[in-house]
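The values are calculated or read from the model by the stated rules, or taken from the named source; none is laboratory data. It should be emphasised that the depicted structure is a prediction, and the values quoted were computed from it without experimental measurement. Don't worry about glycine lacking a Cβ; one is built from the backbone with ideal geometry, like all the others, and counts go over all protein chains shown. Only protein heavy atoms, including side chains, enter the accessible area calculation; ligands, DNA and RNA are left aside. Shrake-Rupley method; radii C 1.70, N 1.55, O 1.52, S 1.80 Å.
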Amino acid sequence: MIALALIVSGVIVVLFVVVCGLQRRLIYLPSRSVLPPAAVGLHRSREVVLETSDGVRLGGWFLPAAVPSRGVAVLVAQGNAGNRAGRAPLARALSERGLAVLLFDYRGYGGNPGHPSEDRLARDVRAAHQFLVHHAGVPAERLLYYGESLGAAVVVELATEHPPAGLVLRSPFTDLAAIGRLHYPFLPVRMLLRDRFPLVDHLRTVNSPVTVVYGTRDSIVPPAHSRAVADAAPVLRQLVAVNGADHNDPALLTGNQLINAVVALADHQINVGRPRFDRRSGRP
């Protein structure tokens, strides 16, 4: 019996070590190569380089608004898979509705060096924010954050330090451990997890208006999670349920309900009497 107990204990220890060592490979699923922007239909965009506080250089695309411009820019933080090329249809749809858009890749994604983690993604999104504010000249009252799934947690954490005019959270979860328990019920996820992304805890301290968009048939982030995020928002502007949509369906990428929700938040929150930034020069 003692030998059996030792064997079982040894197996558990090995399992814990393996899970701790490999968990980020389960969380972050980057596509490392990226096409030129013209190849994905962003002919008017320009390639930009974002430099993080720890010296990592990240690739991005800045797409100006089409005419007429609303004088608003959207910082897009992607989910945990793919790269910015997969968000090109979103950027194009927003641009056609008069919004400028910054797409960028986290470290380890889209040909960028480095390895992603919760702390490192926080540095990455701050580099994107710095570009828009200091290089593109976007005032805070003209800046929206758009976060997709994991990216929703990334932009909410950013908002605790740099509040935007508003946030659009697409398919957000309450915290990563809760999603981990759902998909890996046989593991003590909360004890093992290194990257936690406590979205709701951060959101409770954010006073920027929030719009939440989710699919009613989401098989990755349960709809109840997104509704709980909406309930936690101190200033909820809109809760949009896209009927029948799963996590990666086109309706949650460029669907009318999604794009209309982003535009509605921009139009409602942006004071037209404040200075606009020029869509061509990127300056006020």
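Couple of notes before you dig in:
- Cut-off 13 Å between beta-carbons: net charge of the residues surrounding ARG57, Lys and Arg +1, Asp and Glu -1: -3
- Accessible area of region 97-251 belonging to carbon and sulfur atoms, whole % at 1.4 Å probe: 50
- Per-q log10 I(q)/I(0), region 123-177, q = 0.13, 0.20, 0.21, 0.31 Å⁻¹ (Debye; single scatterer per alpha-carbon; no solvent): -0.30, -0.68, -0.74, -1.31
- ASN243 paired with MET191, simple spin-label distance in nm, labels 7 Å along Cα-to-beta-carbon: 4.5
- Helices assigned as whole DSSP H runs in the chain whose Cα atoms extend at least 27 Å along their own long axis and whose mean Kyte-Doolittle hydropathy is 0.0 or higher are found at 2-27.
- Taking the inverse of the mean reciprocal distance over all distinct Cα pairs, the Kirkwood hydrodynamic radius of region 54-178 comes to 14.4 Å.
- The computed percent of Cα pairs over 24 Å apart for the structure shown corresponds, within [x] 66; [y] 49; [z] 45, to [y].
- Extending 7 Å from Cα along the Cβ direction at ARG217 and again at VAL67 yields two label points whose distance is 4.2 nm.
- The mean accessible area for residues of the chain, using a 1.4 Å probe and ignoring ligands and nucleic acids, is 44 Å² per residue.
- Long-range amide H partners of VAL213 with built H, under 5 Å: LEU169, ARG170, SER171, VAL240
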